Every structure is written in C-alpha cells, then in structure tokens.
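Just so it is clear, none of the values below were taken in a lab; they were calculated from the coordinates. All figures in this text were calculated on a predicted structure; none of them were measured in a lab. FYI the Cβ positions are ideal-geometry reconstructions off the backbone, even for glycines, and counts take in every protein chain you see.
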Amino acid sequence: MPSRPTNTPERSPAQSGAKPLLEVSDLRVSYGAVTAIHGVSLSVAAGEVVALLGANGAGKSTMLRTISGLSRPRSGRISLGGEAIHRLPPARIVRLGIAHCPEGRRVFGSLSVAENLRLGAAARAERSGMAEDRERIYAMFPILRERMTQSAGTLSGGEQQMLALGRALMARPKVLLLDEPSLGLAPLLVQQIFRTLAELKAQGVTMLLVEQNINLALALADRAYVLRTGEVSLAGSAAELQADYEKVAAAYLGARP
Amino acid sequence: MNLGLYITQQVINAIALGSLYALVAIGLSMIFGILRMANFAHGDMMMVGGFGTLVLQATGIGFGWAAVGGIAIGALCGVIVERVAYRPVRGSPEVTLLLTSFAVTYILENLGILIFTSSAHNFPLPDWMDNAFQFSDGQITFTQINILTVVLTAVALAGLGWFVTRTDLGLGMRAAAEDMGAAHLVGLDVNRLIIVAFAIASGFAGLGGVLWAAQSGVVSYSMGFTPLLKAFVAAIIGGFGSIAGALLGGYLLGALEILIVAFLPAEVSPYRDAIVFALLIAFLLFRPNGLLKRAQEVKL
C-alpha cells in the first residue's frame, strides 16, 4: 500500500490555508503514571467538522476533556483563535467559546428540560438572545418543547442526547466538542442526531467529533484523525479516508503502512 | 384533659422542633450534595451564630439586629472555613475531607472555650419574646419562640426554594450536586457555587443556633453537637444530599421525638435518642438512599 503524505499529522488544516480556530500542538496528557496522549497535534478551522476516530482507550475522550479544561496537559499547547487556553479553568474555556457535549450525555436529571437549557447559557458573556436560541433548539427538537417542564431524568436516551446537544448549543460555542453522540442510541435516533449535526454544519458550526461509528463520522466530517494509543496514526480528508477503509482499519489496529 | 387539644399542642411542638432539625439538616445536605463531604463542623456554626448574637447584643443593639448579625457571622464563618480548610483538600479522598471537618470542629469549639469559657452563658431574650399565648384555659400554649421558629423557618425555606428554582446560581448548585463534571462542562463557576452553598448552609445553621439558644435559654461551645447528630439522622432519613429530603427528614424526626415523649409511656421517654439512632441504623441498612433520593440510574 503506498504511503501518503497524510500519515504525518499536519499543523494546519489540509485544504484551507486559513488560520485554525482550534489548535492543539504536541499535547501530552497523563493520568498518574499512565500516559493517555503522547504528543498529539491537530487543528480545526472555522466552519470545519473534524472527526477524531480510534479504538477504545486511544485517547479520544481524554483529548476532548483536556481541550475543555477538565484534564490538564503535562506539556503542549491548546489555543482557541490564537489564545492559549490549556491553563484556564473549564468555566473560562466555555466562556471563550468551547462547548463540550460529553459522552453519556450527562444531562442534569433532577432539573427540567428548560432548566438544563438555561444552565447551558449560564457561562455566556452576553445574556441577550437567549430566548431566540431556546426557540431555535425547540424548533430543531420539537420533542424537547413538549417535555419542557419534565425533569430531564425522565427523558429517553435519545431525548437526553438532544437535550445535551441543545444545552451545549445554548452556550453559542465557536467550537462544539461532541463525544460519542450515537452511543447507546437506536439506529433511527442516531440518524436523527446526525441529520441535525449535518444541519448545524451547514449553518457553519465548527465541530470536533469523537465517534465510534466510522462511516457516520466520515460522512459528516471534512477531515479526520485516527488516534491509536495516544498518538495520531492516520490523518486526512474524510473523502480520502472513506475511499481507503482498509487503511483506516489498519490505523485502528496498529499496523503501520 | 381534652385529647383533641392535647394532640393540637403536640403537633405545634413537633412542627417547632422539626423546623430546627430541618434548618440544620438542609445545610448539611446541601454541602454533602456538592462536595460529598459530611461536614461535622456544621453544628459549630450554630454556636457561632449564638455567640455572635450574644456579643452583638452586649454592644447594646436590639435583639433582632443582633440575631441578624449573628446569623451573618455564622454564614461568614462557614465561608472562611471552606476557603481556609476545605478548599485545599478538595478532591482528596472522602476520609480526608471528613477528618478535616473534625479538625475544624475541634478548632472552633476550643476557640469557643478560649473566648467564652466552657460554661454555658445565659441567652437573654427581649420581654416580648418571652410571652406565651394561651388558649382553652392554658391547654394550648404557643410560646413566642415557637411561633418565631416556625415563621422564620418558613421564610428561610421559601427563600431557599425560590433561590434553587429561579436563579442561575441556585439551579447551578443543584446541577453541581448532581454531576460536578457536567457542571464544569457547561461552564458553571463551581468555586462560586460552593462559596454560596457554604454561606447559605452556615447561615441556616446560624439561624438554627439562635432559635435553639432562644428555646433553651443558653449558649455554650458544645450547643451544636446534639442538633448536628439529629440533623444527620434527618438528612439520612430524607436522602443525604437532597434539600427536600432534609426538610422532610427534619419534620419527621421532630414528629417522632414528640410522639415518643407525648404519647408513649413515660418510661420510654428517656430512650428517645436511642430510638432515633436505631431508626438511623434501620435506614442505613434497609434504605440507605433515604426516602426521597433514588439511586442513580443509567439510561441508554
């Protein structure tokens, strides 16, 4: 199999020459003695959707958690629009424009749907336009409007995923981090979530997507990185990777081309 | 004696006692909800509130303002303790937090002894508070303090209810109590939430302390100990970490204690506390999540 230049992680977005909105360079993260991420660099340009693929334990969620400020990097740099954010507390990072829709949804079960959405906007600097944003989310997911006063814990898994997405959008993020939005959902609901993500992409929302479902992720994304045991093992445009499924599989499993 | 009147009187007593337990238990539960810490120093905020009121009264200002000041001092003390003692060990194993709160208890109580000696001090009340209303030839008695306890507790609870359902800070506190990680992710300023939680919890304990002192007529360095233990029982009955549970538990415990004293044979009364703590053990064994709190369920 011929080696492609996309094997090496690039520092700037592949296609556009624009300055990246979110840039991670040479990031190292460890939990105690265990190193989860060994020097990963990646970038996401404004309006771009980038997928982060890889097997369990490859470091995908750690990457998102570190960008959000929940985990601290041992070394390296993360910047948003040129400003270093990797030493800031999570609340500041949300305020600067990174919203994280976490794995397992993590909606506040004892709070109502409306209260969950309200808290999504709690870190926002400007409070105006909240009502319109809420309307937009209810238009996107009409079921949430119906269940507005219900506590989030009574929602189905799919509805909770919609709420988690809506809550993240209430922050008016510059970059949306999505951790396994399809996890544990029925196929029909997965389709619905990804249709919504495609709509958001069309509206110009920048996303960094962690997803186990490779086909779904590559269909949505512009570019993708494959992580393996904390390192980038393959990177390229989604179209390229889709065309060369074997190579993606090999990158998952660890064969080096 | 008229049984109906007797029952009415005991209901009033139960509500007054339950209010005190609820005031203390709610703060305990709030702090456990957010920090997963059993704050043994919580009862000492009652002492701080009581002594604060006493000292302010000695300066000559009226009882009402002295009590407000005492409660504020209690709230401030809670915030300082959080900042100085608990924040540095936040995130450590739970046993570390627990031991830290024991240390804070010892420090505060010994400060109490150092400043106010170990003997109890009279808690002087203004004349208007020492009145009692009597009905049906004295078969029903409302003391002013009972009425004040119930009214002030109701006002405090209504304020808290408004706060946790209508304000971003209050909603954020409930969110952080449920899932600290997700609270960080939506950008809540968790440090600020914790400070506010300590201020409210300690203010409630301070109010409880003032009312407790008014009921018993004395303040002492160890006055928070018994109510703290009872508040633990109340919070666990209701569901530790749940505000509504602590409220329910407080009133149930108040009702139970009055029931034991008022309706069971007199020989049983001395075992009141034993019965209460047996109930605690029963709850821990058979319903450790309490009456209101459900175990966390995972939904797919």
| field | Cα-based helix-to-principal-axis angle, A:187-202 vs chain A, degrees rounded to 10 | value | 80
| query | When only C-alpha pairs under 8 Å and at least 6 residues apart count, what is the relative contact order of the range A:21-253, in percent? | reply | 28
| said: Quick check on the range A:21-253: what are the equivalent-ellipsoid semi-axes from the Cα gyration tensor, as sqrt(5λ), descending, whole Å? | reply: 28, 21, 16
| Cα long-axis angle, helix B:144-166 against chain B (0 to 90 degrees, to the nearest 10) | 20
| note | For the protein assembly as shown, the percent of all C-alpha pairs falling in each 10 Å bin, from 0 up to the bin holding the max distance, is 4, 16, 23, 20, 15, 11, 7, 3, 1, 0, 0
| query | Going by the alpha-carbon gyration tensor, a ≥ b ≥ c the square roots of its eigenvalues, is the range B:168-300 rounded (a/c under 1.5) or, if a/c is not under 1.5, prolate (a/b greater than b/c) versus oblate? | reply | oblate
| request: Would you mind telling me the antiparallel percentage of the DSSP bridges in the protein assembly as shown, rounded to 5? | output: 60
| message | Using helices alone, I'd like the mean residue ellipticity at 222 nm for chain B: each DSSP H run of four-plus residues gives -39500 (n - 2.57), total over residue count, nearest 500. | response | -23500 deg cm²/dmol
| query | Which of B:F142, B:F133, B:F63 moves the most in a Gaussian network model of chain B with Cα springs under 10 Å? | reply | B:F133
| When you look at the Cβ of every residue in A:99-112, what mean number of other chain Cβ atoms sits within 10 Å? | 5
| query | Relative contact order, percent, of the range A:178-237 when contacts are C-alpha pairs under 8 Å separated by at least 6 residues? | reply | 29
| note | Across all Cα atoms of the range B:3-223, Rg and the largest Cα-Cα distance (Dmax), in Å, are 18.7, 62
| query | What is the mean number of Cβ atoms from other protein chains located within 10 Å of the Cβ atom of each residue in peptide A:122-128, rounded to a whole number? | reply | 3
| Burial ordering of A:K247, A:K174, A:K60, fewest other beta-carbon atoms within 10 Å first | A:K174, A:K247, A:K60
| query | Relative to the longest principal axis of chain B, what angle (0 to 90°, nearest 10) does the C-alpha long axis of helix B:190-216 take? | reply | 10
| task | Sticking with the crude label model, points 7 Å out along Cα→Cβ, report the distance from A:A249 to A:A131 in nm, one decimal please. | result | 5.5
| the range B:190-300, relative contact order in percent, only Cα pairs under 8 angstrom and at least six apart counted | 25
| task | Grab the protein assembly as shown and count how many Lys pairs have their alpha-carbon atoms under 22 Å apart, sequence gap of 8 or more, or different chains. | result | 7
| Burial order of peptide ranges B:101-112, B:121-132, A:98-109 (average beta-carbon count within 10 Å, highest first) | A:98-109, B:101-112, B:121-132
| When you look at the Cβ of every residue in B:171-184, what mean number of other chain Cβ atoms sits within 10 Å? | 6
